Amino acid sequence: MRSLKRKIISSAFIFLLSAGGYYYFWGQYLYTMTAYCDCPICVNVDAYRDGRFASGRAVYWGGIAADPSIPFGTQIELVPIWPGDFWSIFRVLKNRKKFTVEDRGGKIKGKHIDLFIPHSHGGHQMALEWGVRKMRVSINGELAK
């Protein structure tokens, strides 16, 4: 019994150590992923709740907000690594991983991407369930650095 307990503890320690090493080494390549809808809480400027993205296109499921250094029309694909990320993409994003940059945001700077979730897919509630995550992304088919 005691031997089994030690094996479980040592296995958990090795797993946590390797996960920490992963984030230390690969963390520089991770993007902060958040989500928003077009409600007054998520878009708090009345003029921006006009049913259009900053690119001028009508809002649609699949548009995202990104840093101004990433041009409109750029294809972004989520590259999940952890099981929780796969599950969230399946459940919250309805298994969608490919998005198009159509919007900007006042707080969207650097390695931060904001996913637009329309009311037809759960809106604000799904955006809250998505939360804040760190994830790798592919920009126009190449892993982002």
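Brief remarks follow.
- All positions within the range 46-73 that are touching a His at 6+ places or on another chain (Cβ under 9 Å) and assigned to a loop (DSSP other than H, G, I, E, B): 61, 66, 67
- Residue, surrounded by the fewest Cβ atoms within 10 Å (Cβ to Cβ), within the range 90-145, restricted to residues that are more than 16 Å from residue 59 (Cβ to Cβ) and of a type in the set (Phe, Trp, Tyr): 90
- Some residue of the range 59-76 being touching a residue at least 60 places away in the same chain (Cβ under 8 Å) and touching a helix residue (DSSP H, G or I) at 6+ places or on another chain (Cβ under 9 Å): yes
- Within the range 20-27, one or more residues are at pLDDT below 85, more than 20 Å from residue 97 (Cβ to Cβ), exposed (fewer than 10 other Cβ atoms within 10 Å of the Cβ) and not hydroxyl-bearing (Ser, Thr, Tyr).
- Complete set of residues in the range 28-45 that are outside any loop (DSSP other than H, G, I, E, B) and either among the β-branched types (Val, Ile, Thr) or modelled with pLDDT of 85 or more (or both): 31, 32, 33, 34, 35, 36
- All conditions in (1) aliphatic (A, V, I, L, M); (2) free of Cβ contacts under 8 Å to residues at least 24 places away in the same chain; (3) touching an Asp or Glu at 6+ places or on another chain (Cβ under 9 Å) hold for residue 47, with the sole exception of (3).
- Residues that are farther than 16 Å from residue 131 by Cβ, more than 11 Å from the chain's Cα centre (by Cα) and not basic (Lys, Arg) within the range 76-107 comprise 81, 95, 100, 101, 102, 103, 105, 106, listed in sequence order.
- Residue within the range 83-98 that is among the aromatic types (Phe, Trp, Tyr) and under 20 Å from residue 141 (Cβ atoms) present: no
The values are calculated or read from the model by the stated rules, or taken from the named source; none is laboratory data. Remember, it's a predicted structure, so these values are computed and weren't measured experimentally. So basically every Cβ, Gly included, is an ideal-geometry build from the backbone, and we count neighbours across all protein chains shown.
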